[in-house]
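Notes follow the structure.
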Amino acid sequence: MKNKFDQLENQFTYAERTAHQEWIELILSKVELEGKRVADIGCGGGIYTRMLAEFGPRSVLGVDSSKRMLEAAQEKTMSDTIEYVYADGENLAPLSDGSLDIVVERAVIHHLSELLPNMKEISRVLSQEDGVAIIQDRTPEDCLIEGTSTHIRGYLFECFPFLAETEKTRRFSDEAVQKAMMKAGFKRVEKVELWETRSVYLNLNELEEDLQSRRGRTILHELSDEQLTNFVNYVSSKLPQDQEIIEKDRWSI
């Protein structure tokens, strides 16, 4: 599972944001973390790894296939509960069979060419009695919701329709994910939708700077610098200048 985040300039891309309350509340409504063995697969800079560690688990593994991202995560981590492991989501060889109670995998599967190897590995490392996997990503339907003052992502596909096709080809449908999980041995699969706060900007200038940085937005790497500037200008024409902007994305979990 290769990505663009081994480049030095991307090292802290996913290490300096924070987990928002909507995500925390959903996770805690689905699983009891206290005393559990937990892994964050595709942990990137460890944002959610560190958050999981705040709720009393016995241990938390942050697993990623980018050594630079793991270095950034380690630099930001001060908890003895957390250990970082270099491994690919399709080959979790460092993790033993049945060694985990809960696996969280967030925004990983759209980087995969197929789902089943990843789902089989997650099933293998989970306790067969009561292990729980939380797979979070966006389906094509989640991504292509029209743009609004909160759903900034939607403006991207209005501005550059060709990216909608890119998004469709790299995103898995809910049906495909559920089918792969059942085939991998999961006994019960359910889906919930979450509108999650991505970022809060004090004004339009802050949003513009964030977009220009491409920080945490892999699809923006598909645009040239000129195209990115055009997109920032397009968004600026849609939003108020001096008001707080709360950006949200819809996720399927």
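The values are calculated or read from the model by the stated rules, or taken from the named source; none is laboratory data. Computed from a prediction, not measured in an experiment: that's the story for all the values here. Here Cβ is always computed from backbone atoms with ideal geometry, including for glycine, and neighbour counts include all displayed protein chains. Calculation scope for accessible area: heavy atoms of the full protein, side chains included, ligands and nucleic acids excluded. Shrake-Rupley method; radii C 1.70, N 1.55, O 1.52, S 1.80 Å.
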*How many of the residues making up the range 182-197 are in a strand (DSSP E or B) and either open to solvent by 20 Å² or more (accessible area, probe 1.4 Å) or hydrophobic (A, V, I, L, M, F, W, C) (or both)?*
3
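Pick out the one residue from ASP40, ASP80 that is crowded, with 19+ Cβ neighbours inside 10 Å, charged (D, E, K, R) and not in a helix (DSSP H, G or I).
Values: ASP80 fails: crowded, with 19+ Cβ neighbours inside 10 Å.
None of the other options fit; the residue is ASP40.
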_Any chance GLN227 is part of a loop (DSSP other than H, G, I, E, B), touching a residue at least 24 places away in the same chain (Cβ under 8 Å) and more than 18 Å from the chain's Cα centre (by Cα)_ = no
*Say whether the condition of being in contact (Cβ under 8 Å) with a residue 24 or more places away in the chain, in a helix (DSSP H, G or I) and more than 16 Å from the chain's Cα centre (by Cα) is met by at least one residue in the range 89-111.*
no
_GLU71 of a type outside the set (Ser, Thr, Tyr), within 22 Å of LYS191 (Cβ to Cβ) and either open to solvent by 20 Å² or more (accessible area, probe 1.4 Å) or assigned to a loop (DSSP other than H, G, I, E, B) (or both)_ = no
*Only one of (1) closer than 24 Å to ILE24 by Cα; (2) touching a helix residue (DSSP H, G or I) at 6+ places or on another chain (Cβ under 6 Å); (3) touching a residue at least 40 places away in the same chain (Cβ under 8 Å) is not met by ARG170, so which one is it?*
(1)
*So which of ARG250, ARG170 ends up being of a type in the set (Lys, Arg), over 30 Å from GLU129 (Cβ atoms) and at pLDDT below 95?*
ARG170
_I want to confirm something. Restricting to the range 108-149 and keeping residues that are crowded, with 17+ Cβ neighbours inside 10 Å and among the small types (Gly, Ala, Ser), which single residue is nearest to TYR48 (Cα to Cα)?_
ALA133
*Confirm whether THR218 is under 27 Å from GLU22 (Cα atoms), open to solvent by less than 50 Å² (accessible area, probe 1.4 Å) and in contact with a His (Cβ under 7 Å, 6 or more places away or on another chain).*
no
